[in-house]
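The values are calculated or read from the model by the stated rules, or taken from the named source; none is laboratory data. Remember, predicted model here, so these are calculated numbers, not experimental data. Cβ placement follows ideal geometry from the backbone for every residue including glycine, while neighbour counts extend to all protein chains displayed. The area values use the complete protein model at the heavy-atom level, side chains included, leaving out ligands, DNA and RNA. Shrake-Rupley method; radii C 1.70, N 1.55, O 1.52, S 1.80 Å.
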Amino acid sequence: MSKEFTHEIKVYYEDTDSGGVVYYSNYLKYLERARTEMINSIGLSNKKLLDEYNTLIIVKSCNIEYIKSAKLEDKLQIFSSIELFSKASFIMIQYIKRGNELIIKAKLKLVTVNEEGKPTKIPKVLEKNLN
């Protein structure tokens with residue numbers, strides 16, 4: 001497994017239903033933000049990957065297990081790491097925790113594509129800095 005990256009967020013009112021519980025689809029947004037911040041933390045960005053390497057990262061599949069509910073004003077930590085790289089895709093594991101309490105487990109397959117949407121090799125700079 002690769003390096004582990006951490007991103008923290010706070011649950012806002014807009015993220016919750018009327019009972020103060022995070023609406024299930026918002027966890028996908030949290031996971032996406034953590035992936036974006038992981039890429040930023042290694043000196044890249046989604047825009048830079050596109051502009052300099054003609055590469056976009058897209059989600060091909062996502063398996064998410066909802067274990068507990070997060071609630072209004074919770075502080076959450078999102079942990080992200082790469083389980084496996086191939087030529088044009090990688091498997092990422094992400095966890096969302098509230099302190100030591102596991103909220104979400106997710107396993108995603110991400111694919112690198114060019115502007116035309118065709119698979120392209122993962123840029124070496126991306127793989128090297130995530131590994």
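Listed values, structure above:
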{"item": "Exclusive hit being touching a helix residue (DSSP H, G or I) at 6+ places or on another chain (Cβ under 8 Å) and of a type in the set (G, A, S), set G43, G99, G117", "result": "G43"}
{"item": "Among (1) surrounded by 14 or more Cβ atoms within 10 Å (Cβ to Cβ); (2) closer than 25 Å to E116 by Cα; (3) of a type in the set (A, V, I, L, M), the one test that I58 misses", "result": "(1)"}
{"item": "Segment 1-31 - residue that is within 19 Å of K60 (Cβ to Cβ), touching a strand residue (DSSP E or B) at 6+ places or on another chain (Cβ under 8 Å) and modelled with pLDDT of 95 or more and, of those, surrounded by the fewest Cβ atoms within 10 Å (Cβ to Cβ)", "result": "L28"}
{"item": "Any hit, segment 33-55, residues being surrounded by 15 or more Cβ atoms within 10 Å (Cβ to Cβ) and assigned to a strand (DSSP E or B)", "result": "no"}
{"item": "Filter pass, K109 being open to solvent by 60 Å² or more (accessible area, probe 1.4 Å), in a strand (DSSP E or B) and either farther than 27 Å from Y13 by Cβ or at pLDDT 95 or above (or both)", "result": "yes"}
{"item": "Those residues of segment 62-101 which are surrounded by 13 or more Cβ atoms within 10 Å (Cβ to Cβ), among the hydrophobic types (A, V, I, L, M, F, W, C), assigned to a strand (DSSP E or B) and out of contact with any His (no Cβ under 8 Å at 6 or more places or on another chain), in sequence order", "result": "C62, I64, L76, F79, I82, F85, F90, I91, M92, I93, I96"}
{"item": "Among (1) buried (at least 18 other Cβ atoms within 10 Å of the Cβ); (2) modelled with pLDDT of 95 or more - the single one L130 does not satisfy", "result": "(2)"}
